[in-house]
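Participant: Below is a structure I'd like to ask you about.
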Amino acid sequence: MGLLSTLKSIFGGGESPGAKKETESAKASAGPEKKPQTDMKEVSSVSNKITAGHVHMSGCTGCLVAVADNYGGLLTLLDKYVDWVYDLTLADVRHIPKMDVALVEGSVCINDKLSVQEIKETREKAAIVVAVGGCACYGNITRFSRGGQQNQPGHEAFLPIGDLINVDVYIPGCAPTPQLIRNVCVMAYLLLKGNDEQKKLAEAYLKPLMALPKQGTEACFCDLMTKVIDQGLCMGCGSCASACPVRAITHEYGKPQGQRDLCIKCGACYNQCPRSWFSFDVVSNYETILGAIRGALQ
C-alpha cells in the first residue's frame, strides 16, 4: 500500500475489503462503463507531478503535524500535484533523494556530524529548499539549549539552517498554519510546472517569503518594536499577539507589549504583522491568487 492509499484509508477515503468486493461485483453485473472525462485530466496532472519531501532536523515535529492538518487538501496535493519521495515519518526511504522541493523542519545540531551532512546533502539534491517553522528559520527555542541532557549529553549547539546552507523560502511560525504550508506547496507547483501566467502569479505570492532568508536568521519581538512600532506603523490589529505561541505579547492601550523573558525568538510575531512586510505584488493579485489555490484544490 502506497503513501496516498494509506492516508486515504486513515482519513476515510478508503473502502473496506468487503465493500470493495460488493462494488466490483455490482460493476461487473452492470456491464462495461465508459470512464468520465475527469479521469483523463487526472492522469495528465499526475504525470506532471513535482517531487517533494520532508527533512526533519532537531525539532518537535509540530510542523509535520501542521502539514498533516491539511487533511483533504493534503490528499488532493498528493493525488494531483506532489510525489512525496522522502519523509522519516511517512515514507520508507533511507537516504535523501533528488527532489524539486525540500521542506526542512528543525534547526541543525552542529555537534552531530550526520545532521550537518544531511542538511548540506539536502541543499545539493533539492531545487528549492523551504525552511518550515521557527526552528528552521530562526533557531526558535533551540537557541536556548545548553546541552547536557541525559538522553543526548553531546547536543549543545543548534543553528537555523540558513547559517549552514542557502535557503530559498521561509515559512515562519511555531508552528506555521497548515493553510500557509499548503498554499506554498501549490505555488511551488505552479512555479515549476505552470504556464507563464501561473509562474508570474506564483512568483508574486512567494516573493515576500523568498525575501525573508535575505534578512538573516534572527527574529524576535525586538524586530517588531524597532521596525514597526517605533516607526509609527502599528495599527493595533493584534495579529502579533495572536501569532505568538508562548503568549509573550499582550496589548495595552491598543499597542503590543512584549515580555523578553518569555520570547523564544521564533519570528512568528514579526512575520505575522501586516505592516512588517507589504507586497504590492500580493495585494494587487490577491483575488487571483486565492482563486488559483481554490481551483487547484477542487
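Participant: Is the shape of the stretch 123-234 rounded, prolate or oblate, going by the alpha carbon gyration tensor and its root eigenvalues a ≥ b ≥ c, with a/c under 1.5 for rounded and a/b larger than b/c for prolate? Provide the component values of the computation, followed by the final result.
Facilitator: Values: a/c = 2.46, a/b = 1.39, b/c = 1.78.
Oblate shape, in that a/c is at least 1.5 and b/c is the bigger or equal ratio.
Participant: Can you give the Rg to Rh ratio for the stretch 253-298, taking only C-alpha atoms and Rh from Kirkwood?
Facilitator: 1.18
Participant: Arrange the following residues from fewest to most other Cβ atoms within 10 Å of their Cβ: 242, 276.
Facilitator: Lowest to highest Cβ neighbour count: 242, 276.
Participant: Then there's this: What residues have an amide H closer than 5 Å to that of residue 251, excluding those fewer than 5 places away on the same chain, when H is modeled at 1.01 Å from N in the peptide plane?
Facilitator: For residue 251, the qualifying residues are 257.
Participant: Return the FRET efficiency for the residue pair residue 156, residue 230: r is the Cβ-Cβ distance, R0 is 45 Å, and the value is rounded to the nearest 0.05.
Facilitator: That pair, residue 156 with residue 230, gives E of 0.80.
Participant: Then there is this: What distance in nm separates the two pseudo spin-label positions at residue 277 and residue 111, each 7 Å out from Cα along the beta-carbon direction?
Facilitator: Each label point is offset 7 Å from its Cα along the Cβ direction, giving 3.3 nm.
Participant: When ranked by the protection proxy of mean other Cβ atoms within 10 Å per residue, highest first, what sequence do the peptides 178-190, 283-295 form?
Facilitator: Listed from highest to lowest mean packing, they are 178-190, 283-295.
Participant: Right, another one. Counting other C-beta atoms within 10 Å, which of 87, 196 has the fewest, and how do the rest follow? Display every interim value, and only then the final one.
Facilitator: On the way: 87 18, 196 7.
By the 10 Å Cβ count, ascending: 196, 87.
Participant: Right, something else. In Å and from the alpha-carbon atoms only, list the Rg and Dmax of the stretch 221-272.
Facilitator: Answer for the stretch 221-272, Rg first and Dmax second: 9.7, 25 Å.
Participant: Pairwise over distinct Cα atoms, reciprocal of the mean inverse distance: report the Kirkwood radius of the stretch 196-298 in Å, one decimal place.
Facilitator: When all Cα pairs of the stretch 196-298 are included, the Kirkwood radius is 15.1 Å.
Participant: Report the full-extension gain for the segment residue 71 to residue 193: residue separation times 0.36 nm, less the Cα-Cα distance, to one decimal in nm.
Facilitator: 41.6 nm
No value in this document is a laboratory result; all are computed from the given coordinates. Computed from a prediction, not measured in an experiment: that's the story for all the values here. Backbone-built Cβ (ideal geometry, glycine too); neighbour counts: all protein chains shown.
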